[in-house]
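The structure appears right after this line, and notes come after that.
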Amino acid sequence: MATKSPIDDPRIDPHTGEYAVIAPGHTFRSVTQKIAGLVLTSNTPLGWFGGLTVAGGVATLLVIAMTWLFVKGIGIWGVTIPGAWGFAIINFVWWIGIGHAGTLISAILLLFKQTWRNSINRFAEAMTIFAVVCAGTFPLIHLGRPWLGYWLFPYPNTMNLWPQFRSPLAWDVFAVSTYATISVVFWYIGMVPDFGTLRDRAVMPFAKYMYGLLSMGWRGSTRHWVRYESASLLLAGLATPLVLSVHTVISFDFAVAAMAGWHTTIFPPYFVAGAIYSGFAMVLTLAIPIRKFYHLEDLITLRHLDNMAKVMLGTGCIVGYGYCMEVFMAWYSASHWEFFMMWNRMFGPMGWAYWLLILSNLAIPLTTLWSRKLRVNVVYLFVLSLIVNTGMWLERFVIVVTSLYREYLPSSWGTYRATKWDYMTFVGTWGLFTFLFLLFVRFLPIIPISEIRMMLPQTKIRPGGADAETVVEETL
Amino acid sequence: MTPREGIYGLLAEFNTPAELVRATEQAHRAGFRRMECYTPYPVEEAAVALRFHKTSVPLVCLLGGVMGMLTAFLMETWITLWSYPMNIAGRPLFSWPAFIIPAYEWTILFAGLSAAFGMLALNGLPQLYHPLFNAPNFRDGASTDKFFLCLEATDPRFSILETRALLEQLAPVSVVEVDL
């Protein structure tokens, strides 16, 4: 394949010789006005109200389904013996996996100094938090007696009861609650300087007051910035092992059980890769309409989409390796149960789900994403992101259902059929997610303003200020 | 009336980070120590010119992490061995490998919260009022596209006329007095 000479490439900044991440011609003031203007405008687009209404309507389904669940109990769901785990755990794993890309973008890419992430990290983090909200709902309402949910935490009580720390389900509580807390803290700390900007630019007294409170009096002092940068790097360094551990712990829920199809050592890395794969797909699903709707093509450029597609290609290959390894181990282990499980997964009554998953997670994305033309084709990427999200949901469905419904004893074989309440709960969380996301897009800075400023060529202390650098160097 | 009673300091505004860094360096050479730069994004060179390199945020974070790890591990040990011993499939009560996972999570939880809240505490935030917000050009600039150097009145070398003259030499856009 002929490569373009770097000089002709329009994506290279002629001044620095580096790949430009955002479109040229912006100043500190123009990027500030552009991003702050989205929030501070008094003209809320009509489409936003429409979207909020629809999302709120869909979220109502969740409220109805949960109310009925609390009245009647878990029996309204399709879970039964042998399929004791159904939609609740599938949706939990799916949602939390989606959240992981947000942490990956905000933390791991920050540590690797991938500045292109600056445009997308804020809403990727928001996506993480809202996805964790949706994910956390499922285990809680699956408890049977959700009003006793606080029993999951170790706290001194008159019953003298404590959690059982040798169970992966107790580990889950620690992993997910830590993940939710750290994600919120990281997100909020990241927004503090931008709240300062919004406070200073707001016209309405109420907006001034609210952003003023949220900014905690941020004034951009250099000593503050030094500590702030240090804390951001530390949080990124902590979030990186955290995100890997969370999906590892979730895979332990399966891998620790003595169940054919679950009891494999490849689960932790394979779950983490799958989480990042579906998470990047979700970032694309959200980024493509947002940049179009709010005209942010200058800040979220085709290079961002191209890079995210490349990450999907990489993690998709790891996921593909995981699928191959599962099949290989089913044969190589020489275990009758493993062999039967894999045969049943592929050709049993729910074999269609397996092949649909292979089609949407491997066959379509991993053949087409090699082409740069398709990686920068916005419409194609959007459709593909939906396909991959469906595929990753099916992956969890296949793992949970096909392993359970053909038990060791043929006399206990059964099947799994989700009820309308299962579907309502699941669809309702989409509504909740979209509802929260629309609120975020309207009231909070969706792109980190201070980090975008750092990517402008004006930050370079060179033109006219060459002596400034030497002055500093000489005196040190 | 001495100027110290009513004045927080003198605030010079610059258009570019390079000018700010040069001015800060000159002010430092002139012997000023109680001064601060205000910028819309982190300018490392300004911190160098202020001779401010070390923060204790990493130390706070480390202490938090160690505390989280010990808290979780000791809590699990105490609960499983003494407070609520249970025989789970004949495994030993002190099954420490299983305890690592919650301890790992709480290490990160405590370390992350310490880093975030430690940073805020060291910065003296939240502090909703600050004299600088009285300066007419500060709020439209410091959080958007201007670079400020403030020489504070508490510095022993501060004298309103001489300090203003010093700042005027550094080619600022403006120099304003900031009221307390």
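The values are calculated or read from the model by the stated rules, or taken from the named source; none is laboratory data. Fair warning: this is a prediction, and the values are worked out from it, not measured in the lab. In this analysis, Cβ positions are derived from the backbone assuming ideal geometry, glycine residues included, and neighbour counts consider all displayed protein chains.
Quick notes
Rundown of residues vs (1) out of contact with any strand residue (DSSP E or B) (no Cβ under 6 Å at 6 or more places or on another chain); (2) not charged (D, E, K, R), yes/no style:
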position: B:Ser143; (1), (2): yes, yes
position: B:Lys146; (1), (2): no, no
position: B:Asp155; (1), (2): yes, no
position: B:Leu161; (1), (2): yes, yes
position: B:Leu166; (1), (2): yes, yes
position: B:Ala171; (1), (2): yes, yes
position: B:Glu177; (1), (2): no, no
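- Note on the range A:143-178: among residues that are more than 8 Å from every other protein chain (Cβ to nearest Cβ) and buried (at least 19 other Cβ atoms within 10 Å of the Cβ), the one that is nearest to A:Glu125 (Cα to Cα) is A:Val176.
- Sub-8 Å Cβ pairs linking a first residue in the range B:32-47 that is more than 7 Å from chain A (Cβ to nearest Cβ) and more than 17 Å from A:Val192 (Cα to Cα) to a second residue that is of a type in the set (D, E, K, R) and surrounded by fewer than 24 Cβ atoms within 10 Å (Cβ to Cβ), at least 6 apart or interchain, are B:Phe32/B:Asp155; B:Phe32/B:Arg157; B:Arg33/B:Asp155; B:Arg34/B:Glu152; B:Arg34/B:Asp155; B:Met35/B:Glu152; B:Met35/B:Asp155, ordered by first then second residue.
- Qualifying residue in the range A:397-405 (condition: under 30 Å from A:Thr44 (Cβ atoms), assigned to a loop (DSSP other than H, G, I, E, B) and not charged (D, E, K, R)): no
- Residues that are in contact (Cβ under 8 Å) with a residue 12 or more places away in the chain and either outside any loop (DSSP other than H, G, I, E, B) or hydroxyl-bearing (Ser, Thr, Tyr) (or both) within the range A:152-173 comprise A:Leu152, A:Pro168, A:Leu169, A:Ala170, A:Trp171, A:Asp172, A:Val173, listed in sequence order.
- Scan of the range B:61-83 for residues that are of a type in the set (A, V, I, L, M), surrounded by 17 or more Cβ atoms within 10 Å (Cβ to Cβ) and within 20 Å of B:Gly118 (Cβ to Cβ), ordered by number: B:Met69, B:Ala72
- A:Leu394 meets the stated requirement of being at pLDDT 90 or above, under 30 Å from A:His336 (Cβ atoms) and within 23 Å of the chain's Cα centre (by Cα).
- Residues satisfying the stated conditions in the range B:48-63, i.e. at the interface with chain A (Cβ under 10 Å from one of its Cβ atoms) and in a helix (DSSP H, G or I): B:Val48, B:Ala49, B:Val57, B:Pro58, B:Val60, B:Cys61, B:Leu62
- Residue check for A:Thr285: β-branched (Val, Ile, Thr) and more than 21 Å from the chain's Cα centre (by Cα): no
- Screening the range B:89-173 for helices (runs of 4 or more DSSP H) wholly inside it with 3 or more residues that are within 24 Å of B:Gly9 (Cβ to Cβ), facing another protein chain (nearest Cβ under 9 Å) and not β-branched (Val, Ile, Thr) returns the ranges B:138-141.
- Selection status of A:Arg417, modelled with pLDDT under 90, closer than 24 Å to A:Ile76 by Cβ and of a type outside the set (Asp, Glu): yes
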